[in-house]
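Participant: Take a look at the following structure, please.
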Amino acid sequence: MKLFGRKSSVGGDAIYLTVSRVAVSLIGLATSMLLARFRTLEEFGTYSQIIMVTDLVSTILMLGLPNSINYFLAKAETEEEKKRFMSIYMTLSTILMAAIALCLFCAVPMIIRYFNNPAITAFAYVFAIYPWSSLMINSLGNTCVVYGKANRLIIFNVFYAISTLLVLLFTKAVGMSFQQYMALYMAVMMGFALFALGWINKLVGAIRPLLSKRIIKEVFAFSVPMGLASVVGTLNAELDKLVIGKFFTTEEYAIFANAAKELPVTILATSLTAVLLPKFVRLLGRGKNEKAVEMWGYAANLSFCFMSLIVGGFIVFAPDIMSLFYSEKYVTSGGVMVFRIYAVILLFRAIYWGIILNATGKTKFVFYSSLLTLTLNFAGNIAFCFVIGFIGPAVSSLVVTSIMAVVQLGFSSRIIHVPFSRIMPWKKIGMYIAETALLGGVFSAVRYGVFSGISRQISIVTSIGLGIIWMILYVWINKKDLLTNWRQLNSVTYE
């Protein structure tokens, strides 16, 4: 099977998307890990709080505007229409970004009080640079997709990721302070944002300041519903950290932020979802519900098999993984427990539970279930935080995530008239989890029984060796099943 210039297949397309995202994700992960290792808990906590607040406020106040590029730019029939839309988009987004920067500047005292972190004062300028730069870089991504420049976009993203990593390494090598690192990082980010703006201008044509009441009304009519869904999704993702930031110290926030970080192991699942969705739309639109469920089952088997192995390794070797990734200062009892809880949550990221709802146009239910998730998680965060302390928000997320997965799957079952017992390959999924639990128990006994009392450096090497043996054994056990599901997934016809 060829991946380039080949006949399209679900598996092949998923691999192409996965490979194209892995490089950027790994570089970004490396940068985050090194930042956590090079800087103190207070400095990393301050950095995380600033970025989280900026992303949250930007998502809320941008009203889904970045989502409009893919639709309106692709819809425009002439180059002049494209240029007019992008001129209006850039003008409007710049105005909104200025408003966001002003809001954040005015809110600095309130942000400091919320996190009880006066160190944020020295980085107030980030609130003006980071949102606009992020928007320009993201806008370039959407524009390149419309103009068929995705390959060049990948190069840009990789180069940007490498540059941010080099900034971190350079500032560490020459002994710069955290304040100097942030200033240089923002300067580099601004440089890439200006380059992105120039590239957009080259693709679309000369962009000029322009506003149109009619087009702005159309844009917001399209983008606001999507923006609301994005706001709910972002709040859901950041809620645990918001609660931790309120009730715990900046150092504890730093530990929680890294322990709760979703490592880039769900890329296969997201790539499969991206490829499966249009196929689902076609099959379900033609009433071929059973075939759609069959195809989903093959994809779920592959994804759950992979994710079960990853989750098992994360749970068993959690202390060594956290020390390797973030340094020993993050290996606290609470931090390790939070890491393990979020590892379990990764099982629920193995597939997108709402894919059938999206494919059948039931997006309102997806939005309402997300809103319900946010409400339940907020209540659970507060309750569990007071009852069991530091790990409370993580426990709340696990409980609510599992409930919402069942709810979305149950509603999907009703929509396509396929029994809940058959909508997913429950037996196979249970088998993968049981294998992981059994092997995890064995390797846990070896790691913490046979190799107890050893230094961290030796234990990390030991865990890596045990993890490799575990992976080989697990793949050997499931090799036949994996190959069968892979072939079946690629042999399904969608017409």
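Participant: Kirkwood hydrodynamic radius for the range 10-233: how many Å is it when counted over pairs of different Cα atoms?
Facilitator: That comes to 18.9 Å for the range 10-233.
Participant: Please work out the FRET efficiency for the pair Leu194 and Phe220, using the Cβ-Cβ distance as r and a Förster radius of 25 Å; give the result to the nearest 0.05.
Facilitator: The pair Leu194/Phe220 has a calculated efficiency of 0.40.
Participant: From the C-alpha gyration tensor of the range 169-217, pull out the three semi-axes of the equivalent ellipsoid (sqrt of 5λ each), sorted largest to smallest, in whole Å.
Facilitator: Calculated on Cα positions only, the semi-axes equal 37, 13, 6 Å.
Participant: Leu61: accessible area at probe 1.4 Å, nearest 10 Å²?
Facilitator: 70 Å²
Participant: Hey, another quick one. To one decimal place, what orientation-averaged projected area in nm² is obtained for the convex hull of the Cα set of the range 262-491? Don't skip to the end; give the middle numbers.
Facilitator: On the way: hull surface 53.8 nm².
For the range 262-491, averaging the hull's shadow over all directions gives 13.5 nm².
Participant: Compare the Cα positions of Trp353, Ser327, Val174 along the charge dipole of the chain (+1 at Cβ of Lys, Arg; -1 at Cβ of Asp, Glu; about the Cα centre) and return the one farthest towards the positive end.
Facilitator: The Cα lying farthest towards the positive end belongs to Trp353.
Participant: Which helices of the chain meet both criteria: a Cα extent of 15 Å or more along the helical axis and a mean Kyte-Doolittle score no lower than 1.0, with helices taken as whole DSSP H segments?
Facilitator: 10-38, 126-146, 150-173, 178-204, 267-285, 333-347, 363-388, 392-416
Participant: Looking only at Cα atoms, what is the convex hull volume of the range 111-179 per residue, in Å³?
Facilitator: On the way: hull volume 7.1 nm³, N = 69.
So the per-residue hull volume is 103 Å³.
Participant: For the range 10-233, which whole-number percentage of the solvent-accessible area (1.4 Å probe, protein heavy atoms only) is attributable to carbon and sulfur atoms?
Facilitator: About 68 percent, which is the carbon plus sulfur part of the accessible surface.
Participant: Under a 1.4 Å probe, what is the accessible area of the range 262-491 per residue, stated in Å²?
Facilitator: 45 Å²
The values are calculated or read from the model by the stated rules, or taken from the named source; none is laboratory data. None of these values were measured; they are calculated from a predicted model. Cβ coordinates were reconstructed from backbone atoms using ideal geometry, including for glycine residues, and neighbour counts include every protein chain displayed. Note: accessible area is taken over every heavy atom of the protein model, side chains too, but ligands, DNA and RNA are not part of it. Shrake-Rupley method; radii C 1.70, N 1.55, O 1.52, S 1.80 Å.
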